[in-house]
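Computed from the coordinates by the stated procedures, all read-outs in this text should not be read as laboratory data. Everything quoted here is computed from the prediction, not taken from an experiment. In this analysis, Cβ positions are derived from the backbone assuming ideal geometry, glycine residues included, and neighbour counts consider all displayed protein chains.
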């Protein structure tokens with residue numbers, strides 16, 4: 001019988017198989033369940049494994065396929081708005097359950113979208129339908145391919161297995177910080193699309209949904225910009241955190257929503273070798289460690305404001321990620337190899353929605369972030385720039401002075417500006433406080449080589465579309481299923497994908513209970 005070993009510590013120059021041979025002499029094979037790097041004691045960073053080991057003559061079972069039982073459904077399709085991780089995984093799960101679905105995406109397919117993004121970075125020509133937030137793959141296509149999540153969901157193994165099926169590296173199944181890379185996830189998404197189409201799904205690119213069709217308080221379908229109504233058994237709302245037009249349409253229909261707390265700040269960039277040195281010291285260039293990352297948090301008990309790092313991208317690039325022509329937004333990504341000479345991460349301040357804007361001002365957070373993005377854009381224009389991101393060295397930011405731009409990774413270029421003046425005053429003091437705290441625990445973080453980019457405003461959506469905890473339907477409109485990051489129920493690729501599956505399973509259970517057959521079409 002196989003044996004499972006947890007917490008196997010392995011020095012950087014030790015071999016896993018040699019260690020296993022000592023634990024289980026003459027073992028036949030093994031299966032890695034978990035792998036992580038422990039660098040808390042900087043004088044001796046090491047790898048930590050959980051492994052299932054098979055003795056002589058034993059063979060590991062084949063990888064789980066997650067075969068699903070379809071229901072006998074022949075009704076109208078489920079309609080999904082948005083082709084980000086939530087929408088794509090909702091569609092895949094529904095189709096595997098035997099339920100027809102159609103996905104509506106305002107942007108284009110992955111290849112067309114990438115061309116538009118490259119034009120924006122190179123020439124400043126923004127396509128409001130195809131950018132870092134909109135188009136096939138959603139914002140997840142340009143968010144480093146990080147699959148780290150802190151949610152507890154039974155669907156995580158399914159998500160990882162399916163991603164591997166579509167071309168993701170096999171190690172994401174067991175890594176503690178799984179990472180696909182933006183370069184690989186771009187090749188993965190078209191394979192996922194092929195699978196959806198092969199199962200009978202339909203995807204409508206370049207098709208913005210302009211209206212939800214309703215009968216009383218029930219959502220019955222959608223109307224697109226092309227004019228034709230499409231009826232569906234249910235509508236999954238998976239539009240992402242930047243589809244402001246959708247939120248305003250929901251308000252017109254009286255769909256229940258609420259303001260949601262979020263976080264805003266700047267993106268910081270360091271030379272990657274500096275982060276490696278801080279984390280790993282003399283082991284910084286060891287090939288088993290690769291590009292170091294970090295996660296920093298601080299909470300001010302007096303003000304009840306938190307400051308934390310978000311979306312850390314080792315060996316990455318800082319991107320211009322706006323969706324409106326009069327606003328600038330920064331974001332980050334890394335390729336699979338993480339071989340850029342720079343590391344970046346958002347450093348953001350928590351914003352309590354009700355305290356800042358009032359409980360009844362649902363769109364207060366949306367309006368505020370737009371104002372910040374517009375201020376950043378106007379500052380670049382007034383300084384003679386066009387497509388560049390505003391930057392300021394961290395030391396100049398703390399000293400509240402102008403200075404020169406440092407070398408950096410952004411394909412859009414940089415314009416040296418006073419980010420300490422562009423940011424609202426309510427964010428400046430907490431950021432300075434947070435930097436001081438981070439420097440104490442992460443010596444070298446506040447470095448003359450560190451540079452801020454503005455502005456990091458799209459960490460999450462400031463609005464939540466309220467749904468029932470059990471049925472997952474909108475509390476005000478039956479047939480509408482708010483889903484993923486834009487609806488306020490996820491915060492990254494993996495959590496959004498899991499929420500899409502969760503919603504798909506809720507719809508499957510409902511349709512199965514109704515026993516909808518071809519006679520009811």
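Multiplying the sequence separation of residue 6 and residue 228 by 0.36 nm and subtracting their Cα-Cα distance, what value in nm do you get? Please list the in-between numbers first.
On the way: separation 222, 0.36 × 222 = 79.92 nm, distance 5.69 nm.
Result: 74.2 nm gained on full extension.
DSSP assigns beta bridges within segment 262-456; of those with both partners inside it, close to 90 percent run antiparallel. Using equal-weight Cα scatterers in the Debye expression, the normalised intensity of segment 3-54 in log10 at q = 0.24, 0.26 Å⁻¹ is -0.88, -1.00.
What ranking do 504-513, 87-96 get when scored by the average of other Cβ atoms within 10 Å per residue, highest first? Could you put the intermediate results ahead of the total?
Details: 504-513: 19.2, 87-96: 27.6.
Ranking, from highest mean packing down: 87-96, 504-513.
Mean sequence separation of contacting Cα pairs (under 8 Å, at least six apart), scaled by the length of the chain, corresponds to a relative contact order of 19 percent. Averaging Cα coordinates gives a centre for segment 333-362 and one for segment 278-311; these two points are 15 Å apart.
Order these peptides, 353-363, 45-55, 256-266, by their mean beta-carbon neighbour count within 10 angstrom, highest first. Write out the running numbers ahead of the final one.
Details: 353-363: 14.9, 45-55: 18.2, 256-266: 21.1.
Going from most to least packed, we get 256-266, 45-55, 353-363.
For segment 271-404, the extents of the C-alpha atoms along the principal axes are 53, 42, 32 Å, listed from largest to smallest.
Percent of Cα-Cα pairs more than 15 Å apart in segment 420-521, please. That fraction is 75 percent. In units of the rule-of-thumb radius 2.2 N^0.38 Å, segment 91-176 shows an alpha carbon radius of gyration of 1.31. Averaging Cα coordinates gives a centre for segment 36-79 and one for segment 207-277; these two points are 31 Å apart. Taking the DSSP bridge list for the chain and keeping only pairs wholly inside it, about 75 percent are antiparallel. Pairs of C-alpha atoms in segment 159-306 farther apart than 25 Å represent 60 percent of all such pairs.
Can you give the relative contact order of segment 262-456 as a percent, counting alpha carbon pairs under 8 Å and 6+ residues apart? Walk me through the numbers on the way to the answer.
Numbers: 406 pairs, mean separation 56.8, N = 195.
Once normalised by length, the contact order is 29 percent.
The calculated pair-distance distribution of segment 344-462 uses every alpha carbon pair, bins of 10 angstrom beginning at 0, and gives 13, 42, 33, 12, 0 percent.
Where does segment 389-442 land on Rg(C-alpha)/(2.2 N^0.38 Å)?
Working: Rg = 12.0 Å, N = 54, 2.2 N^0.38 = 10.0 Å.
Compared with the compact-globule rule of thumb, segment 389-442 sits at 1.20.
Once the convex hull of all Cα atoms in the chain is built, its volume per residue stands at 155 Å³. Size descriptors for segment 149-231: radius of gyration and Dmax over Cα atoms are 17.7, 49 Å. Among 283, 5, the ranking by other beta carbons within 10 Å of each residue's beta carbon, starting with the fewest, stands as 5, 283.
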